[in-house]
Structure formats: C-alpha cells, structure tokens
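For reference, the structure is listed below as structure tokens.
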C-alpha cells in the first residue's frame with residue numbers, strides 16, 4: 001500500500017517509524033505547503049515524490065492512501081476532499097474541531113464507501129482490551145483518576161510573545177484537544193458516555209486552554225480527567241475498584257499496564273508490542289484490504305461517542321472555536 005504523507009512535523013516522523021514495522025506499507029510521497037520542508041523530509045526518509053499540494057498528490061497516481069498530519073483546523077475540509085476522491089484516509093487526532101464535523105466526516109466516508117481512520121493511538125492498543133478484562137477483577141469501580149500532563153516546549157515561545165501554533169485557538173489547538181483527547185478517549189472507550197459532565201479550564205489570552213479538568217459522572221463513580229501543557233506530572237492514572245486497582249502510566253500509549261489485587265502485589269499485565277503507531281497502521285491496512293469503511297478496533301460509533309464527550313467538555317469549560325457557531329447541541 002503506497003502512502004502519501006501530508007505534513008512534516010514530529011508526528012510524521014512517528015508515523016514513519018511505525019510504518020517501518022508494517023511490511024505492507026511503502027511511503028512513496030510527501031506533501032507540505034512549504035515545499036522545502038517536504039524536500040527535507042523526503043531526503044531524510046528516501047521518499048521519491050515531493051508535492052506542495054495534497055490534491056495534486058492524490059491525483060498523481062503515486063499513492064493508494066493518505067496520512068493527514070496537518071493543523072487541527074484543516075482536518076475537516078481536507079478529509080472531505082480525500083474521501084470525495086475515494087482515497088483511504090488516516091486523519092490525525094482530533095478528527096474534527098467538534099462533534100458536528102466528525103459526524104459529517106464519517107457520513108462522507110459511508111457515502112463514498114471509502115475507509116476513514118481516526119488517529120487516536122490508544123484506541124488501537126491491545127492493552128485496551130486487557131484493561132476491560134481486568135475491570136472484572138477489581139470489583140465495583142469506585143473512582144477513576146486519569147491524568148496526562150506535559151510541559152510544552154512551545155509554552156516558553158508563547159510567553160515570549162511568539163504565538164506558536166500549539167496555543168492558537170483559531171487552529172483548534174490547546175491542552176484539551178492535544179493531550180486531553182487521550183484522557184477522554186480512554187475513559188469513553190472503557191466506560192462509555194457519561195451521564196453528566198462538569199468541566200473547567202485555564203484559558204490563555206490567545207483563547208486556547210493550557211490546562212483543565214473534567215469530571216465525567218457514571219453510575220456509582222466519577223472519572224476525573226486532568227490535562228495540562230504547562231506543567232509536568234508523575235501522577236499515574238488509576239482505576240480504583242473495591243477488590244483491586246489498575247494502574248496506567250501512559251494514557252496516550254497504553255504500552256504498559258499494572259494490576260494490584262486488594263492486599264496483594266502489583267504486577268505488570270497486558271502485551272508488549274513493537275511500536276504503538278504500527279498497531280493502528282496494521283488496523284488501517286486490514287480495513288482497506290477488506291473493503292471496510294471504518295476500523296475494526298475503533299469503529300465509527302466509538303469515534304462519535306468520544307468526540308461528542310470531548311466537545312461537551314470543551315464547551316462547558318468555555319473553550320470556543322469558530323466552528324462551534326454551527327453546533328445545534
């Protein structure tokens with residue numbers, strides 16, 4: 001399967017590493033609005049074709065699938081253009097600016113009978129299934145504390161007045177959309193949509209949030225979701241049950257999971273795998289080769305549920321994007 005990569009930032013490097021583990025994938029083209037960036041990326045990875053227009057790349061006949069690692073604001077329109085051309089599309093997270101956009105993107109996939117992939121990495125980890133299995137071992141769930149915080153190297157640039165893309169609301173960026181999405185996605189994948197949501201955030205003068213917390217209320221317990229791009233943390237996420245606890249050090253990867261029965265020793269559980277990005281690329285290849293329009297591991301309904309909750313958390317925290325003017329609830 002010949003892939004074309006759109007965008008040349010660090011996540012595209014991550015994609016290239018993951019693709020090296022998947023023998024069915026060959027990256028044959030790269031595109032950037034700044035052609036010099038595409039040329040450097042192509043030289044780095046030995047990619048033969050370089051473009052500065054993604055539609056031209058699609059229509060060149062040089063690719064069979066496309067990976068979109070572009071600013072969040074561009075996901076919606078670019079994905080629709082790709083699906084209209086029946087190009088299997090891997091869209092980086094978050095898939096859209098809000099729930100409405102994601103719903104329309106999924107409908108376009110269905111209408112065009114073309115595979116659409118949401119790039120939220122932990123949804124493709126085999127350890128997500130392991131956590132679900134161990135929920136039955138910890139007894140009645142009483143509390144879930146999910147935490148992801150990392151001081152952004154670009155925050156210093158923001159403080160210097162350089163206006164980096166990471167903290168620009170008009171690009172649909174910020175802590176919740178960048179890091180918080182992993183927290184929300186894991187919670188929704190494990191427990192479903194909550195009965196009630198409370199959410200707040202610290203919002204910068206740019207309009208983007210830099211940190212926040214959401215409380216997702218379920219029957220008998222709360223799931224608390226922390227996220228931050230201006231502080232570091234060593235707090236490990238936990239699911240606390242009456243008979244034991246599950247520990248999740250890295251919510252964005254689910255690469256290692258631990259379990260402690262009440263009164264017992266903590267042990268590592270789950271699978272160890274070659275590369276977290278390779279997991280979802282294998283799922284992508286399977287979906288396309290089998291004529292599907294959606295992932296087996298992360299089906300459309302789960303994607304919709306995650307983005308519905310994500311949008312509600314964002315709006316209740318007062319984080320507003322221009323696309324929200326079209327939301328009717």
Using alpha-carbon coordinates, inclination of helix 10-19 to the longest axis of the chain, degrees: 90
What three numbers, in Å, describe the spread of the alpha carbons of the stretch 17-93 along their principal axes, ordered from the longest? 29, 28, 25
Calculated diffusion of the stretch 88-213, Stokes-Einstein form, Kirkwood radius summed over Cα pairs, 4 °C and 1.567 mPa s, µm²/s: 77
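Which order, highest average first, do 306-318, 228-240 follow once you tally other Cβ atoms within 10 Å for each residue and take the mean per peptide?
In descending order of packing, they fall as 306-318, 228-240.
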Which angle between 0 and 90 degrees, to the nearest 10, do you get for helix 75-84 versus the longest principal axis of the chain when only C-alpha atoms count? 60
Rounded to a whole number of µm²/s, how large is the Stokes-Einstein D of the stretch 1-157 at 25 °C and 0.890 mPa s, given Rh as the Kirkwood radius over C-alpha pairs? 141
So what's the back-of-envelope 222 nm ellipticity for the chain, counting only DSSP H runs of four-plus at -39500 (n - 2.57) apiece and dividing by all residues, rounded to 500? -10000 deg cm²/dmol
With no solvent and one point on each alpha carbon, what is the Debye value of log10 I(q)/I(0) for the stretch 269-329 at q = 0.19, 0.21 Å⁻¹? -0.84, -0.88
Quick one: angle between helix 126-135 and the longest Cα principal axis of the chain, in degrees between 0 and 90, rounded to 10, please. 20
Counting only the backbone N, which residues of the stretch 181-211 are under 17 Å from the spot 7 Å out from the Cα of residue 159 toward its beta-carbon? 203-206, 210-211
Among 324, 156, what is the fewest-to-most ranking by other Cβ atoms within 10 Å? 156, 324
Would you please calculate the Kirkwood hydrodynamic radius of the stretch 153-238 over all C-alpha pairs and express it in Å, rounded to one decimal? 13.8
Can you tell me what percent of all Cα-Cα pairs in the stretch 128-182 are more than 14 Å apart? 67
Counting only DSSP beta bridges fully inside the chain, the antiparallel percentage to nearest 5 is 55
Compactness relative to 2.2 N^0.38 Å, alpha carbon Rg of the chain: 0.99
Quick one: length gained pulling residue 140 to residue 323 fully straight, 0.36 nm per residue minus the C-alpha distance? 61.9 nm
Take residue 2, project a point 7 Å from its Cα along the Cβ direction, then tell me which residues of the stretch 37-81 have their backbone nitrogen under 12 Å from it. 48-50, 57-65
Expected sort for 176-184, 64-72, 36-44, 95-103 on mean C-beta neighbours within 10 Å, highest first, is 176-184, 95-103, 64-72, 36-44
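Bear in mind these aren't lab numbers, they're just calculated from the coordinates by the rules spelled out. Being a predicted model, the structure only gives us computed values, none of them experimental. Here the Cβ is made from the backbone with ideal geometry for all residues, glycine too, and neighbour counts use every protein chain on show.
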